[in-house]
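First up is the structure itself, then whatever we jot down about it.
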Amino acid sequence: MKLEKPRRAPFTTPVLIIAFNRPQYVKMQLEQLRLVQPKTIYIACDGPREHYPDDLEKVEQVKVSYLEGIDWECDIHTSFSTENLGCSKGPIQAISWFFSKVEFGIILEDDIIPSQDFFGFMAQMLDFYRSQHKVISISGCNFGYQSPSNHVVVSKIMNMWGWGTWANRWHAIDFELKDWPSKARKRWYLHQRLKTGVLDYDAGWIRHWQQIFDKTVTAHKVTWWDYQFIYHQLKWKRVTLFPPVNLIKNIGFDADATHTFEKAHFSKYLSWQELHWPLQMPTAFKVDCVFYEHYIKGIWSFYKRPNWNYFLGQWLKRLGLKR
């Protein structure tokens, strides 16, 4: 099945921008938004942190830059926090507010610069899969993967660098992971949800996610919300759909970043590419194993599957069966 390019028309898909204290990014993001001129924009901005004297001025500058920079006809809604909610509670509250107002929409953090093609892709996909609850989200960042034959990519795990979902999917998520501590046979449970086939057993990958979910429920404070989203996604065996080419840039590499502060972080060099229509749509929600193994695991999660040939060779040497 093919999905055709949307006709040029007023862009009516609602957009949420989640911002904080980085006014240096606003202009670049607005330049891309101005190309499509969304009719409805929601802006959520976290409050300044205590003991950070520059935050108050930076946060106010961010608010003004967005409100003055949106210079086209647009219905603007704002949620400006007076306290600092942080990188977990802040986005959860912002997105929950957004989806208390709209049925579906696009979410952009302030350091995400989407291509013009991103908006057409997101609008089409959010409309096309509105009633298909197997699909939990649509992502615009595919980490530079080149999908064969222009196919939309199916994944077990979402990405939040320029993405979208529906209110009914979002509101179903338990961000406290209440059932995780009492989950029996956690590793087997995760294996059943992380595997891509009968012969796919990756103990390290299972351990990776068990540690994340354990920390999410035991840590005094966490700085993420997407891992809770992914837990819900794995629990109910939902999929995320990615574009055949990458459609965003992440420019959040400076001292103000929380997670992407490494100078050599892979996403620093990600660039968007042209999207070619029509798109080849998945006839079944079969996970793209190359994308999952090399991009979700290897690039996004910085995870490398153990080399079992090496370990087998070492074991055989110890038994004196191999020189």
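Here are a few things to note about the model shown:
- Test for VAL26: is it in contact with a strand residue (DSSP E or B) (Cβ under 9 Å, 6 or more places away or on another chain), assigned to a helix (DSSP H, G or I), farther than 21 Å from ILE138 by Cα and touching a residue at least 40 places away in the same chain (Cβ under 8 Å): yes
- All conditions in (1) more than 18 Å from TRP300 (Cβ to Cβ); (2) out of contact with any helix residue (DSSP H, G or I) (no Cβ under 9 Å at 6 or more places or on another chain); (3) assigned to a loop (DSSP other than H, G, I, E, B); (4) not hydrophobic (A, V, I, L, M, F, W, C) hold for GLN146, with the sole exception of (1).
- Restricting segment 208-240 to residues that are at pLDDT 95 or above and surrounded by fewer than 14 Cβ atoms within 10 Å (Cβ to Cβ), the residue that is nearest to the chain's Cα centre (by Cα): THR223
- Within segment 217-238, the set of residues being in contact with a Pro (Cβ under 9 Å, 6 or more places away or on another chain) and among the aliphatic types (A, V, I, L, M) comprises just one member, VAL217.
- Of the strands (runs of 3 or more DSSP E) contained entirely in segment 31-121, not one carries at least 2 residues that are in contact with a Cys (Cβ under 8 Å, 6 or more places away or on another chain) and among the small types (Gly, Ala, Ser).
- Selection from segment 184-207 of residues that are touching a helix residue (DSSP H, G or I) at 6+ places or on another chain (Cβ under 6 Å), among the charged types (D, E, K, R) and surrounded by 14 or more Cβ atoms within 10 Å (Cβ to Cβ): LYS186, ARG193
- Filtering segment 189-247 to residues that are small (Gly, Ala, Ser) and assigned to a loop (DSSP other than H, G, I, E, B) leaves GLY197, ALA219.
- Applying a threshold of 6 Å to beta carbon distances and a minimum spacing of six or more residues, or different chains, the list of pairs starting in segment 207-219 at a residue that is without any contact (Cβ under 8 Å) to a residue 60 or more places away in the chain and ending at one that is not in a helix (DSSP H, G or I) reads PHE213/TRP180; THR216/LEU177; THR216/VAL222; VAL217/LEU177; VAL217/TRP180; VAL217/PRO181.
- Some residue of segment 66-78 being buried (at least 17 other Cβ atoms within 10 Å of the Cβ), over 24 Å from GLN273 (Cα atoms) and not aliphatic (A, V, I, L, M): yes
- Each residue in segment 116-138 was checked for being surrounded by fewer than 21 Cβ atoms within 10 Å (Cβ to Cβ) and either among the polar types (S, T, N, Q) or at positive phi (or both), and 4 of them qualify.
- Residue count for segment 154-183 satisfying the condition of being surrounded by 14 or more Cβ atoms within 10 Å (Cβ to Cβ), assigned to a helix (DSSP H, G or I) and of a type outside the set (A, V, I, L, M, F, W, C): 1.
Yes/no matrix, rows are residues, columns are (1) in contact with a strand residue (DSSP E or B) (Cβ under 8 Å, 6 or more places away or on another chain); (2) touching a residue at least 12 places away in the same chain (Cβ under 8 Å); (3) crowded, with 19+ Cβ neighbours inside 10 Å; (4) within 24 Å of PHE128 (Cα to Cα):
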| residue | (1), (2), (3), (4) |
| --- | --- |
| LYS2 | yes, yes, no, yes |
| VAL15 | yes, yes, yes, yes |
| TYR42 | yes, yes, yes, yes |
| CYS45 | yes, yes, yes, no |
| GLU50 | no, yes, no, no |
| LEU56 | no, no, no, no |
| VAL59 | yes, yes, yes, no |
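The values are calculated or read from the model by the stated rules, or taken from the named source; none is laboratory data. Here the structure is a predicted model, which is why all the values come from computation and not from measurement. FYI the Cβ positions are ideal-geometry reconstructions off the backbone, even for glycines, and counts take in every protein chain you see.
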